[in-house]
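In what follows, a structure is listed as structure tokens, so that the remarks can point back to it.
Laboratory data are not the source of any read-out in this text; all were calculated from the coordinates shown. Quantities reported herein were computed from a predicted structural model and do not represent experimental measurements. Please note: Cβ atoms are built from the backbone with ideal geometry, for glycine as well, and neighbour counts cover all protein chains shown.
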Amino acid sequence: MIELIGILLVVQGGGGLLNRLLGAHSPSWFVQLHVLPPALHVVASVVMVLLGVAVLTGTRKRRG
């Protein structure tokens, strides 16, 4: 279950980041683009990707 959270964070963060960097005007289905002010979109997306990677890395290390 924790892996799913990590994957969702990476997908949402990466997709939202690409959405903003490529200049899309629609927030699409990326959660952070709907709930945060535009000034925080890129920062929030990067943080989500990093958290997702940390969660996924942590679960792999814990498994051995």
*Over the chain: helical MRE at 222 nm, DSSP H runs n ≥ 4 each giving -39500 (n - 2.57), nearest 500*: -25000 deg cm²/dmol
*asked:* I'm spelling it out carefully: the read-out is semi-axes √(5λ) of the Cα gyration tensor in Å, the candidates are (i) 30, 16, 13; (ii) 25, 10, 9; (iii) 16, 15, 10, and one was derived from this structure. Which label?
replied: (ii)
_What are the ³J(HN,Hα) couplings of region 7-13, residue after residue, when phi is run through the Karplus curve with 6.51, -1.76, 1.60 and θ = phi - 60°? Round to Hz, x for glycine and proline._
5, 4, 5, 5, 5, 5, x
*asked:* Could you order the peptides 7-14, 34-41 from most to least packed, using the average number of other C-beta atoms within 10 Å per residue?
replied: 7-14, 34-41
